Every structure is written in C-alpha cells, then in structure tokens.
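Have a look at the structure below, then the notes.
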Amino acid sequence: MKIAHVALWTRNLSAQKSFWQDFFAGTSNELYISKNRPGFRSHFISLLEGPTLELMSLDDLAAGPHGKELTGWAHIAIHVGSRQEVDSMVAKASEQGILVSPARTTGDGFYEAIIRDPDGNLIEIVG
C-alpha cells in the first residue's frame, strides 16, 4: 500500500498553492469547485515523488473544534534530497520570515529544519 494523497484544510487556497509551487516545485491541477458541497474548492499539488497534496477550502471554514473542518495538520515531513537543498530552503525561508527551526542533525540522525506554510502549519524539510 501507499499513501495516495494528504489533505490540508486552508482558508487561503491561492496562498497555499503558491507556497507549494514556490518552495517544493509542485504542479497544480485547475481549481475544482464542487457542485455537491457548496463553497468547497480544492487543488491537487503533485510533487516530484510521493503522494499528492489536496489543498481544500470552504467558504465557512471553522477555527474551532466540535466536528467542523479546521485548518491544518500536525506536521508533514518532506524529503528534499540533500543537506545542501535543506540549507538552501532554510535560507529562503529565513528571508521570507517563515523559518521555525534552523537546520540541525537530530538525535536519530536526520538533517532537518522546520518551516511554516501560509496558514502556520509546520513542515519538516529533511535532507
């Protein structure tokens, strides 16, 4: 088995789409507007390898709990290929003010940094 896609609720679909295209060279399909669920829109973002991301939005996307759709996920880790690519992305994220944790080698041997997407969700970039 493999993961087909990972879904992310967002209030700003265009900002998320631009972020994934800019930072991870993602390619997007055309905007999908649901005929069955009023206010639902989405884009699928394909990365070079692995599952696609579904960026989803609703007109009344909630900010609180109790069974309503919320923005975000805990975090997603994306392997970007090399330590050098991690360092390059860290520099770019720092310039844009979205760097959370600079590159480091973790206790279990991963070289990673943490950045935030436009909604503030955490993304680990791993080399």
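May I ask for the angle, rounded to the nearest 10°, between helix 13-24 and the longest principal axis of the chain, with both axes built from Cα atoms and the value confined to 0 to 90°?
20 degrees
Roughly speaking, to the nearest percent, how much of the chain's 1.4 Å accessible area is carbon and sulfur?
That share works out to 52 percent.
If you place +1 on the Cβ of every Lys and Arg and -1 on the Cβ of every Asp and Glu, how big does the dipole about the Cα centre of region 1-47 come out, in debye to the nearest 20?
Details: 6 positive and 2 negative charges, 48 e Å.
Rounded to the nearest 20 debye, it is 240 debye.
With a 10 Å radius around each residue's Cβ, average the other Cβ atoms per peptide and rank 78-88, 34-44, highest first.
Ranked by mean Cβ neighbours within 10 Å, highest first: 78-88, 34-44.
What's the local net charge at Val86, with K and R +1, D and E -1, over the other residues with C-beta under 14 Å away?
Once all neighbours under 14 Å are counted, the net charge is -1.
Cα convex hull of the chain: how many Å³ per residue?
Output value, Cα hull per residue: 138 Å³.
Hey, what do the phi angles of region 38-46 turn into as Karplus ³J(HN,Hα) couplings, whole Hz, using 6.51/-1.76/1.60 and θ = phi - 60°, x for Gly and Pro?
Along region 38-46, the couplings run x, x, 7, 9, 7, 10, 9, 10, 9 Hz.
I'd like to check one number: the per residue accessible area of the chain, probe 1.4 Å, reported in Å² as a whole number. The partial results should precede the final answer.
Numbers: 7520 Å² over 127 residues.
In whole numbers, the chain has 59 Å² accessible per residue.
Given H placed 1.01 Å from N in the peptide plane, which residues other than close sequence neighbours of Val6 have an amide H under 5 Å from its amide H?
The answer is Thr52, Leu53, Glu54.
By how many degrees, 0 to 90 and rounded to 10, does the Cα axis of helix 83-96 deviate from the longest principal axis of the chain?
Between the helix axis and the principal axis of the chain, the angle is about 60 degrees.
The values are calculated or read from the model by the stated rules, or taken from the named source; none is laboratory data. Keep in mind it's a predicted model, so treat the numbers as computed, not measured. Note that each Cβ is placed from the backbone with ideal geometry, even for glycine, and that neighbours are counted across all protein chains shown. What goes into the accessible areas is simple: the full protein's heavy atoms, side chains included, and nothing from ligands, DNA or RNA. Shrake-Rupley method; radii C 1.70, N 1.55, O 1.52, S 1.80 Å.
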